[in-house]
Every structure is written in structure tokens, then in C-alpha cells.
Amino acid sequence: MLRQQRMRLPLIKPLRQRHLDSEPRETAELRQLDKAHLWHPFTQMRDWCAPDHDPLVIVAGEGPWLHDSEGHRYLDGNSSIWTNIHGHRHPRLDAALAEQASRLAHCSALGFTNGPAILLAEKLVSWIPERRLPRVFFSDNGSTAVECACKMAIQYRQLQGEPGRTSFLSFEGGYHGDTAGAASLGGIGTFHDRFRGTGFEVRVLSEIGQLDTMGREAISGITAVVIEPLIQGAAGMRRWPPGMLRQLGDWCREHDVLLIFDEVMTGFGRTGTRFAGEQEGVVPDFLCLAKGLTGGYMPLAATLTTERVFEAFLGGPDRTFYYGHSYCGNPLGCSVALANLEVFEEELTLESLGPKIERFHESLDAYFGSHDSVLEVRRIGLIAGIEIGPFPAEARMGARVCLAARRHGLLTRPILDTLVLMPPLCSTGDQIESMVAALAAGLEDCRLR
Ligand SMILES: *Cc1c(COP(=O)(O)O)cnc(C)c1O
């Protein structure tokens, strides 16, 4: 076996070298192999595999830039699907990863512990007002962070002698991930209707006012409510009315319903503060983090909770939280996440965000504020959703505009006819304005055709 593997090495090596070259011939070969074997997420593969579709092969990154295999450079306008924070190839993050890789890539968190996981947990806790969420459970992605919170909530009720409290409240337009449990909380028809009834027991609310119409009986079956605080991402960047989070927090406290904040998108400065919940002074019972946790480097997630929840699980084997994943507390992920948080402090990332956000919002106003083809510009911090229209859905204008924007040096991805911009926090004011300008130019190209 070993011999065979060794013999294969020389074959692999030239292929890798060719991959690093950026000659069109190799790109064509990679594209062909992609179409032969890869199944891409959220993608109609018939269109993807069509002969006239030439997917970009991304080969390198630097700061807010991505480079393709044909020598083009683009601004990463959606932070590589909402994950990147300090830019690609940040020297501190690269070094943390390389240093940890030179010691140990992975060991199990079942029965052992490791320094990076411990230090990261401590650092995360210090980021929460008054350290009110002192317990950290690591997993792999946003979906598992939410899944984990839900299972903790259900078991917590059992341990408290309330086994009937098994159902959840969530909101229309909500997105909490794609594993069965997390998806069952979702409120986006296209993604979620198909799998209704396969996960948790959930009531999807259309607005917060519905809480007041719920009787004692109904409330007594609810364990927790889950929400994306301040802004719903996958729904097309939809903001909640100001004060709503406070209201929800008060309602939860009054009715002893647990509160789960899904800050998978909003966490780590994206809305202008460390976490979105801070802006209305609400600390939830569970805080779910992923995407930006490692600065966009590695798949890692964390579910933070209170001492009260944690303590309920202490006792005999019957009180154990039987949940976990093979890569829980992965040292590579944790060390790069720790570096990510340290860079926030060393580079005063949040402190320097104000002028960038201002420039972003000014640019959005300038390019899209009174535009014939723009219905609404929704934004907070370094997140924007520009809803264009009215266009017939089959025109797929959102997708066409984003494709056209590539020619102006921007990569991003729409949600139907909402153009999304989410610059990495490291972007300069000029780069941020260039992103907005490129998107506007893309829209212009499509309108002219
Ligand atoms: C992306 C996202 C998730 C799911 O995270 P994955 O890492 O893709 O599983 C959950 N909630 C929100 C708000 C998200 O934006």
C-alpha cells in the first residue's frame, strides 16, 4: 500500500505544478475536470456544465483581492461568501496556521484538550459583555453551530423537568443553515419548503407582533426562539425595525423562552460592532458563530452559552450532552481563529471601521440612491443588499449584473434580484468605492443590452 502511494507521487507533482501555472491550457483542463466531477453548492449543474460556461478558477488571494488562473484580479465583493475579515493571506493568520501545522494539525477533543481551542474559547468569552456566555462548544460550520444550540436547548428543558418544551420559534426569511435541524428553522421557501417536517418542531413567525397573540398554552411548548439579529442575510439583506431585538429579548425573559442569536453572518464586525446583538444591548442564551470566526480561513464554528445552561448538564451520564463532531476544537482552525481575534485588537479593526462604513454608505447613495432600476438599498455596517427591478424573474438580472461586474473587476453573488456587497473589513475606502462603482457599471451594461 505504502509503496503504491509513493509511486503515485511523481504523477501528482507535475499536475500540482501545472495547477500553479496560469496558462489557459491548464485552466481549460481544470474546467473540464470540474464539470466531470464536482457538484457545486446551490448551483443548477446543467447550467454550470454547459459548454459556454467557463467558471473562474481562483488560484490566489491577497488582501481584498482574488486572482484567477488567467491572470485577472478582482475585488472580493462578498468576502468569499461572507467569511473573510482581514483579507486573504494576512501575514498574522498565515503564520498562525503555518506554525500550528508545524506542530499538530488535528487531535480529538474527546478525551483530550489542546492549547489553541482553550485560548480561543477564553478569548471569545472575553468578547461578550460581562462575560455572560462563558461556555464554548466548538463545531465545524454555521449549520452545526445552530444545530448544537437547538439540541442543547431541548435537552436543557428535559434536564429542568420540562420535557414538553421541544418546539422552536423562528422568522420568515430566516436562514440558519442546511443540515436537517438547522434547515427546519429556515423561512425561505425555495430552500426550505422541500424539507418541511423533517427536522425540529418549528413555528415560523412573519413578524414579532405575532408573539403577543400567543397564549400561555402555546408558549408552554416552546423551548427557544432563533433569529438573525439586526439583519437577515439570505433573505436578501433585510433589516429588522430598530428596537425589535430588545423587544424580543424582553419577551423571552418574561416567558422563560431561550434566545438563540444566529450571528454566523453578522458576527465579527460585519455590522460595525463585534456582534450585532450589542447594538441593542441584548445578550442571548446561545450565540452561534462561524463564517468570520477564522477570518475566512478555515471551517470552524462556536456555540456560546450561559453558565445556567451549562450547569444543568452536570451530573451522571444521563445528563451528558451527547453531541459532537470529529473535528471539534480542531487546532488549525482554532489557532487561526485566535489570530483573527488578535488582529482585531492589534490593528484596531473595529475602531477604524467608522470612516469605511461612511464611505460605503455614501458610495451606495451616490451610485444607487436615485437609480431608475433600483427599488431599495438595504444596509448596515459593511453589508448591503441592492434590490434591482422591476425585472421578470426569468431574466435573472441579479445574476447577469454580477457576471457583468466581473469585467469591471468585482466578484460577488446576488440573492435573486438583490445585489449583495459585503467588503472584507480590511478593504480601504477607495477599494470599497471601487466595488460599488463596479457593480453599478455591471448594472449599466445589462440595462443597455
Ligand atoms: C451561512 C449562514 C449559516 C450557515 O452556515 P454554514 O457554515 O454555511 O453552514 C447559518 N446562519 C446564517 C445567518 C448564515 O448566514
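The values are calculated or read from the model by the stated rules, or taken from the named source; none is laboratory data. Keep in mind it's a predicted model, so treat the numbers as computed, not measured. Please note: Cβ atoms are built from the backbone with ideal geometry, for glycine as well, and neighbour counts cover all protein chains shown. Ligands, DNA and RNA are stripped out before the accessible areas are found, and what is left, the full protein with its side chains, is counted by its heavy atoms. Shrake-Rupley method; radii C 1.70, N 1.55, O 1.52, S 1.80 Å.
List of remarks:
- Some residue of the stretch 46-54 being open to solvent by less than 40 Å² (accessible area, probe 1.4 Å), farther than 30 Å from K356 by Cα and not polar (S, T, N, Q): yes
- The stretch 73-102, subset more than 16 Å from the ligand (Cβ to nearest atom), assigned to a loop (DSSP other than H, G, I, E, B) and in contact (Cβ under 8 Å) with a residue 12 or more places away in the chain, residue surrounded by the most Cβ atoms within 10 Å (Cβ to Cβ): G77
- Considering the stretch 220-250, and only residues there that are among the hydrophobic types (A, V, I, L, M, F, W, C) and more than 23 Å from C148 (Cα to Cα), the residue that is surrounded by the most Cβ atoms within 10 Å (Cβ to Cβ) turns out to be M237.
- Qualifying helices (runs of 4 or more DSSP H) (wholly inside the stretch 322-425; at least 1 residues being open to solvent by less than 10 Å² (accessible area, probe 1.4 Å) and more than 30 Å from F137 (Cβ to Cβ)): 353-368, 397-406
- Counting the residues of the stretch 188-213 that are under 9 Å from E172 (Cα atoms) and touching a residue at least 40 places away in the same chain (Cβ under 8 Å) gives 1.
- Residues that are under 25 Å from the mean Cα position of the chain (by Cα) and away from the ligand (no atom under 16 Å from the Cβ), drawn from the stretch 287-308: T305, T306
- If the condition is being open to solvent by 20 Å² or more (accessible area, probe 1.4 Å), of a type in the set (S, T, N, Q) and either more than 22 Å from I357 (Cα to Cα) or outside any helix (DSSP H, G or I) (or both), then the stretch 426-449 contributes only T428.
- Among the residues of the stretch 243-281, the ones that are touching a residue at least 24 places away in the same chain (Cβ under 8 Å), assigned to a loop (DSSP other than H, G, I, E, B) and farther than 15 Å from I85 by Cα come to 3 in all.
- All of (1) open to solvent by less than 50 Å² (accessible area, probe 1.4 Å); (2) within 16 Å of the ligand (Cβ to nearest atom) hold for G215 with one exception: (2).
- Here M265 passes the criteria (1) hydrophobic (A, V, I, L, M, F, W, C); (2) in contact with a helix residue (DSSP H, G or I) (Cβ under 9 Å, 6 or more places away or on another chain); (3) open to solvent by 20 Å² or more (accessible area, probe 1.4 Å) except the one numbered (3).
Residue-wise test of (1) more than 27 Å from R157 (Cα to Cα); (2) at pLDDT below 95; (3) within 16 Å of the ligand (Cβ to nearest atom); (4) out of contact with any strand residue (DSSP E or B) (no Cβ under 7 Å at 6 or more places or on another chain).
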site: D250; (1), (2), (3), (4): no, no, no, yes
site: M265; (1), (2), (3), (4): yes, no, yes, yes
site: T273; (1), (2), (3), (4): yes, no, no, yes
site: D285; (1), (2), (3), (4): no, no, no, no
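- Counting only helices (runs of 4 or more DSSP H) that sit completely within the stretch 124-206, those holding 1 or more residues that are away from the ligand (no atom under 16 Å from the Cβ) and at pLDDT below 95 correspond to 189-192.
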